[in-house]
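The values are calculated or read from the model by the stated rules, or taken from the named source; none is laboratory data. It should be emphasised that the depicted structure is a prediction, and the values quoted were computed from it without experimental measurement. All Cβ positions, glycine included, derive from the backbone under ideal geometry; neighbour counts span all protein chains shown.
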Amino acid sequence: METQDKISALPDEVLGHILSFLSTQEAISTSLVSKRWQPLWLSIPILDLDDITFIQNGKSYSSFFNFAFGSLLARNVQQPLKLARLRFNSCGYDNNFPYSHFKIWVNAVIQRGLEHLQIEMPRPFELPNIILNCKTLVVLKLYRFRVNALGLVHLPALKTLHLDNFTMLETWHLAKVLHECPILEDLRANNMFFYNKSDVVEFQIMPKLVKAEIKVNFRFEIPLKVASNVEYLRFFIKPDTECFPVFHNLIHLEVSFWFVVRWNLVFEMIKHCPKLQTFVLFLPLESFPPMVWTFPQIVPECISSKLRRCTIMNYKGKKYELQFAKYILQNSRALQSMTIHNKRVRNTYFANPQDKIRILQELAMCPKSSTTCKILFKS
């Protein structure tokens, strides 16, 4: 009895959609199934490449780029390329990284009407200028690059910009890049470093921004006014932060401190978020000298009537952490959940299970404004 191949009988559009969920290496391997499958991977408007199979086989960066070029050149030059993803999983198995080949490959994919570009580099190489001057890009995610000399920047269609482990020579470089993204909706600036801090840098408010995640080095902080229109914000508060803009649209806020929590800054920030519904506080991983706590004289309107979810990360059971949790429970009428996380990177803060029980008992006995609030403990 002959077995019918129902998958191969599907239309090209359906099979192409299925293949789009595979890496380019995996998609190409399906061409060995039959003649029916041979041309299908060429119709996928996606290049998704990583060097993991080349590392496992002991090959070089050059052989990887030969494959990357071959995957691109095999396609019809008139066919638009929607997404290109290039990931390097090795930190240097081949010290002779062919940067010139990399630049040629980037130029080639951008010239095909690219909309989504994501690159993870093995080491901090200079960012090719053409990337920041691409009028078709909608999503740009870059990991481990540097910018020493900023060229022409023009990103009129960009809606998502993620910069991770990114180094720039001057702080005004970042201000310039953001200025040239007029419709940006999602900004991630994580672990950014600047060699020179300019005395006066004019960052402008980004009216279309909906989500922002900001974490830069100690010497510089992106002005929060840039993200004053967002609905979702995650950032590190510097101890010398003096003022906050009003976040009229903010409903989800995640705040982290480098070392010691300054509770006055926590409440000052919350006061400037009139619609806040979710608040996540990341406490420092390590224990430092006691953090001074003073009960606020007033209860911000968002805490009393808007806040629905509060989460405390890296909870150690310290006196001031408990006082903060109690304050939220006592004053939040709309609170649905108070979640306590005590997990560290490798283990938990509480080796003794009795500590967890004690904390839960303390919070459970605390008077609550919300009759429906649940207290959750995660480790």
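Contact map, the range 172-197: residues that are closer than 18 Å to Asn229 by Cα paired with residues that are buried (at least 21 other Cβ atoms within 10 Å of the Cβ) and small (Gly, Ala, Ser), Cβ distance under 7 Å, separation 6+ or inter-chain. Pairs shown: Leu187/Ala212. For the range 266-279, indicate whether the set of residues that are in contact (Cβ under 8 Å) with a residue 40 or more places away in the chain, surrounded by fewer than 16 Cβ atoms within 10 Å (Cβ to Cβ) and not small (Gly, Ala, Ser) is non-empty. No, there is no match, as no residue in the range 266-279 is in contact (Cβ under 8 Å) with a residue 40 or more places away in the chain, surrounded by fewer than 16 Cβ atoms within 10 Å (Cβ to Cβ) and not small (Gly, Ala, Ser).
For beta carbons closer than 8 Å, sequence separation of 6+ or different chains, a first residue in the range 290-305 that is closer than 15 Å to Leu265 by Cβ and a second that is modelled with pLDDT under 90 and of a type in the set (Ser, Thr, Tyr), the qualifying pairs are Met291/Tyr320; Val292/Tyr320; Trp293/Tyr320.
Inspect the range 83-101 for any residue being at pLDDT 85 or above, in contact with a Lys or Arg (Cβ under 9 Å, 6 or more places away or on another chain) and surrounded by 14 or more Cβ atoms within 10 Å (Cβ to Cβ) and give the result as yes or no. There is at least one residue in the range 83-101 that is at pLDDT 85 or above, in contact with a Lys or Arg (Cβ under 9 Å, 6 or more places away or on another chain) and surrounded by 14 or more Cβ atoms within 10 Å (Cβ to Cβ).
Just one of the numbered conditions (1) of a type outside the set (D, E, K, R); (2) modelled with pLDDT under 80; (3) surrounded by fewer than 17 Cβ atoms within 10 Å (Cβ to Cβ) is not true of Ile104: (2). Selection of the range 243-264 for residues being assigned to a strand (DSSP E or B), of a type in the set (A, V, I, L, M, F, W, C) and over 19 Å from Val299 (Cβ atoms) yields only Phe257. Cβ-Cβ distances below 9 Å connect the following pairs, each with a first residue in the range 361-372 that is in the same structural domain as Leu335 (by TED's automatic domain parsing) and touching a residue at least 60 places away in the same chain (Cβ under 8 Å), a second residue that is part of a loop (DSSP other than H, G, I, E, B) and buried (at least 17 other Cβ atoms within 10 Å of the Cβ), and a separation of six or more residues or different chains: Ser369/Ser332; Ser369/Ala334; Ser369/Leu335. Where strands (runs of 3 or more DSSP E) fall entirely within the range 281-379, those with at least 1 residues that are at pLDDT below 90 and surrounded by 14 or more Cβ atoms within 10 Å (Cβ to Cβ) are at 337-341, 374-378.
Looking only at the range 118-139, residues that are in contact with a helix residue (DSSP H, G or I) (Cβ under 7 Å, 6 or more places away or on another chain) and buried (at least 17 other Cβ atoms within 10 Å of the Cβ) come to 4 in all.
Going residue by residue through the range 188-196, is there one that turns out to be crowded, with 17+ Cβ neighbours inside 10 Å and in contact with a Lys or Arg (Cβ under 6 Å, 6 or more places away or on another chain)? No, because not a single residue in the range 188-196 is crowded, with 17+ Cβ neighbours inside 10 Å and in contact with a Lys or Arg (Cβ under 6 Å, 6 or more places away or on another chain).
Within the option set Ala149, Ala68, being in contact (Cβ under 8 Å) with a residue 12 or more places away in the chain, assigned to a loop (DSSP other than H, G, I, E, B) and farther than 27 Å from Val210 by Cα holds for one residue only, Ala149. Within the range 215-250, the residues that satisfy the criterion of being of a type in the set (Val, Ile, Thr) and either surrounded by fewer than 19 Cβ atoms within 10 Å (Cβ to Cβ) or modelled with pLDDT under 90 (or both) are Val216, Ile222, Ile237, Thr241, Val246.
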